[in-house]
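What follows is a set of notes on a single structure, which appears directly below.
The values are calculated or read from the model by the stated rules, or taken from the named source; none is laboratory data. What you see is a predicted model; the values in this text were computed from it and never measured. All Cβ positions, glycine included, derive from the backbone under ideal geometry; neighbour counts span all protein chains shown. Surface areas here come from the heavy atoms of the whole protein model, side chains and all, with no ligands, DNA or RNA. Shrake-Rupley method; radii C 1.70, N 1.55, O 1.52, S 1.80 Å.
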Amino acid sequence: MEFWFTERQTPNLGLTCRVKESLWVERTPYQTLAILDTYQYGRMLVLDGAVQTTEVDEHIYHEMLTHVPLLIHPRPRRVLVVGGGDGGTVREILKHPEVEQVELVEIDERVIAASRRFLPTISCALEDPRARVIVGDGVAHVAAAQGAYDVILVDSTDPVGPAIALFEEPFFASLHRALKGDGIFAAQTKTPYLDGALIAQIQRWVARRFPVACLYLAAIPTYPTGLWSFMLGSKRHPHDRPDEVRAKALETRYYSPEVHRAAFALPRTVEELLERARSALP
Ligand code: AG3
């Protein structure tokens, strides 16, 4: 007998994977959590039916969310992750020897627990002494911080349930306040093929506050359309000058300084989308 899981990415499109074994399914206070072992992508974390990360391609997302902002910051010492309970982003952050402390604020304790149990290659760094795991509301945490962080990474689900506020303007104002004078943030912002209006909106909110507001892309096979975007906001450091010496010392599989620079080269339609957003600035 064969078992297949489908993420309905839109009402008319899905990603379907053959399942070896369903390892865990639970209804948490926030969402339905599943860990599936799939033939193609290995173990997979699924929240409310949406694929969050898989053993096979998680490195692409986690490396690009992390190393792009960290390598344009000359000395990232204090880093905050909003969401990211699977631990993949923390693992990448802790590859940087300059980092003294990472705080992870995840709202759903069950995501952390299931990842610790079933996704050890992703969650391993959560046990590192430089990591501080906080179960709580990332929006409130960021709103309460002032000039506290060198880098903030928003490693959220799509804007459903508790993550909706992470895709609204007040959150970007809080990010600006929570960062130091030369701070940088990066956030996952879905795919330009399906979510252009949301991305243009976020670009406007970020450009209002950050002199550097740039979108970058990565090819992630298990996310809708495979083309994923990240928004980068930087108070001072330019987006396209990664520290080559520090980059060389990192063990990565997708990220390189060449990929870093290339990720900011946008397809014409995406460039035009952002251009229209820019010209609509007040
Ligand atoms: N968070 C972003 C996942 C978005 C995927 N969307 C979807 N499948 N519809 C990933 C968290 C990994 N740390």
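Numbers at a glance
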read-out	value
Qualifying positions in region 15-71 - open to solvent by less than 10 Å² (accessible area, probe 1.4 Å), among the aliphatic types (A, V, I, L, M) and more than 18 Å from the chain's Cα centre (by Cα)	33, 35
Residue among 78, 91 that is open to solvent by 10 Å² or more (accessible area, probe 1.4 Å), within 19 Å of residue 232 (Cα to Cα) and out of contact with any Pro (no Cβ under 8 Å at 6 or more places or on another chain)	78
Number of the condition not met by residue 160 [criteria: (1) over 28 Å from residue 99 (Cα atoms); (2) touching a helix residue (DSSP H, G or I) at 6+ places or on another chain (Cβ under 9 Å); (3) within 13 Å of the ligand (Cβ to nearest atom)]	(2)
Any pair with Cβ under 6 angstrom, 6 or more apart, that starts in region 220-231 at a residue that is more than 18 Å from residue 265 (Cβ to Cβ) and ends at one that is open to solvent by less than 20 Å² (accessible area, probe 1.4 Å) and near the ligand (Cβ under 8 Å from one of its atoms)	222/51
Qualifying residue in region 195-215 (condition: crowded, with 22+ Cβ neighbours inside 10 Å, among the hydrophobic types (A, V, I, L, M, F, W, C) and in a loop (DSSP other than H, G, I, E, B))	yes
Residues within region 238-260 that are open to solvent by 100 Å² or more (accessible area, probe 1.4 Å) and outside any loop (DSSP other than H, G, I, E, B), tallied	3
Options 60, 122; residue that is in contact (Cβ under 8 Å) with a residue 60 or more places away in the chain, more than 10 Å from the ligand (Cβ to nearest atom) and more than 27 Å from residue 181 (Cα to Cα)	60
Among the residues listed as 88, 147, 138, 161, the single one being at positive phi and either modelled with pLDDT of 95 or more or of a type in the set (Ser, Thr, Tyr) (or both)	147
Exclusive hit being touching a residue at least 60 places away in the same chain (Cβ under 8 Å) and over 28 Å from residue 51 (Cβ atoms), set 143, 186, 178	178
Subset tally (residues that are away from the ligand (no atom under 14 Å from the Cβ) and not small (Gly, Ala, Ser)) for region 218-258	22
